[in-house]
Amino acid sequence: MAKAAARKTAPAATPSVERRPALTGRSTTAAAVKVEVLPPAERISLRAPEASVPALSKALGVTLPNKPKTSASKGGRTALWLGPDEWLVIDEAGNDPLADCAGVAALHSAVGISHRNIAIAVTGVGAAATINAGCPQDLSLDAFPVGAASRTILGKTEIVLLRTAADAFRVECWRSFSDYVFTFLSEGSRDAAA
Amino acid sequence: MLLIRCPYCEEERPELEFRNAGEAHIARSANMAGETDDDFEKFFFIRSNPKGIIYERWRHMHGCARFFNAVRDTVTDKFIMTYKAGEPKPSKLPGVGK
């Protein structure tokens, strides 16, 4: 339902129901880094006890990781470990993970947050330096390998960080903070180039 | 910047991700209505505030978001150890002669 609305692009006809993703299409290119807003995706915030994890993994089609700071990805769907019983599931293939969880009888809480978050891709050799402009975590490949994911902070806001490649990160932030985060990363990218 | 070990994330993380949440191991009475005013005052307001080793609750606010307990020296601001919420007070502290 929300998915169909999110894909809608006709602004004039039905302005009251139109979903307008924040910062659509914005991007900045510095010498060593590209900061770019990613297209909308389906997301859920998932809380579940250990006993429910196998059933939920099966329904979602991706094994929920149980190790801190890790993620698992399969078929355009990524599950990020956020806490001991908490995951962020992002689907970029257009399928709704909320619907997949609905049929699971095992105890869990799945909340749709597709429109709460904005994703920003930071790519290039200076990607880690760009994020480190406001994020205190160690982003070297030893400490934060490809696939590592963590909730952390960037400047004054909370973000969820996922390393998608050696020189690429996905930054998830709340929609209302997205302008701040994008500007912060843009400024950081200029410093990273230096 | 201090590095604090989160027992749930199993690694040291920068202090900016954490919040202090007051003194640890303060048990709430199972019969709160039956508490005398003096006992309630002790439970609710009185904290040990020691110079030296203190047991505190901390929260990994911008990380796994879990509460845990930490042992810290208030003089040096050094974290001696951290352990999961619900675990008993450690009887022996590493690196502390006592």
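The figures follow:
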{"quantity": "Chain B: chymotrypsin sites (Phe, Trp or Tyr not before Pro) in DSSP coil with no more than 11 other Cβ atoms inside 10 Å", "calculated": "B:Phe45"}
{"quantity": "Furthest towards positive pole of dipole, A:Ala110, A:Thr29, A:Ala48, structure part the protein assembly as shown, Cβ charges", "calculated": "A:Thr29"}
{"quantity": "For chain B, calculated [θ]222 nm from helices alone, where every DSSP H run of n ≥ 4 adds -39500 (n - 2.57)", "calculated": "-2000 deg cm²/dmol"}
{"quantity": "Cβ charges +1 (Lys, Arg) and -1 (Asp, Glu), total dipole of chain B, debye", "calculated": "300"}
{"quantity": "Extension gain (nm, one decimal) between B:Ala30 and B:Lys78, 0.36 nm per residue minus Cα-Cα", "calculated": "13.9 nm"}
{"quantity": "Cβ neighbours within 10 Å from other chains - mean over A:146-154", "calculated": "3"}
{"quantity": "GNM flexibility winner over chain A from A:Pro49, A:Pro21, A:Pro40 (Cα, springs under 10 Å)", "calculated": "A:Pro49"}
{"quantity": "11 Å reach of a label modelled at B:Ile53, 7 Å along Cα-to-Cβ, counting backbone N of region B:63-82", "calculated": "B:71-73, B:80-81"}
{"quantity": "A:Ala165-A:Asn95 pseudo-label distance in nm [points 7 Å out on the Cα-to-Cβ vector]", "calculated": "2.5"}
{"quantity": "CD proxy at 222 nm, helix term only [per DSSP H run n ≥ 4: -39500 (n - 2.57); per residue of chain A; nearest 500]", "calculated": "-5500 deg cm²/dmol"}
{"quantity": "Net dipole in debye of the protein assembly as shown [+1 Lys, Arg Cβ; -1 Asp, Glu Cβ; about Cα centre; nearest 20]", "calculated": "380"}
{"quantity": "Exposure proxy ranking, count of Cβ atoms within 10 Å, fewest first, for A:Asp85, B:Asp73, A:Asp91, B:Asp37", "calculated": "B:Asp37, B:Asp73, A:Asp85, A:Asp91"}
{"quantity": "Separation of the A:Ala102 and B:Glu87 label points, Cα + 7 Å toward Cβ, nm", "calculated": "4.2"}
{"quantity": "Filter on B:Lys51/B:Lys89; A:Lys69/A:Lys156; A:Lys69/B:Lys51 - keep pairs with C-alpha separation over 27 Å", "calculated": "A:Lys69/B:Lys51"}
{"quantity": "Computed over region B:53-93, Cα set: Rg, Dmax in Å", "calculated": "10.5, 30"}
{"quantity": "Region A:81-97 versus region B:2-16: alpha-carbon centroid distance in Å", "calculated": "24"}
{"quantity": "Where no second cysteine Cβ lies under 4.7 Å, the cysteines concerned in the protein assembly as shown", "calculated": "A:Cys101, A:Cys135, A:Cys173, B:Cys64"}
{"quantity": "Extension gain from A:Arg47 to A:Lys156, taking 0.36 nm per residue of separation minus the Cα-Cα distance", "calculated": "36.7 nm"}
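Computed from the coordinates by the stated procedures, all read-outs in this text should not be read as laboratory data. The model shown is predicted, which means the values in this text are computed figures rather than measured ones. Here the Cβ is made from the backbone with ideal geometry for all residues, glycine too, and neighbour counts use every protein chain on show.
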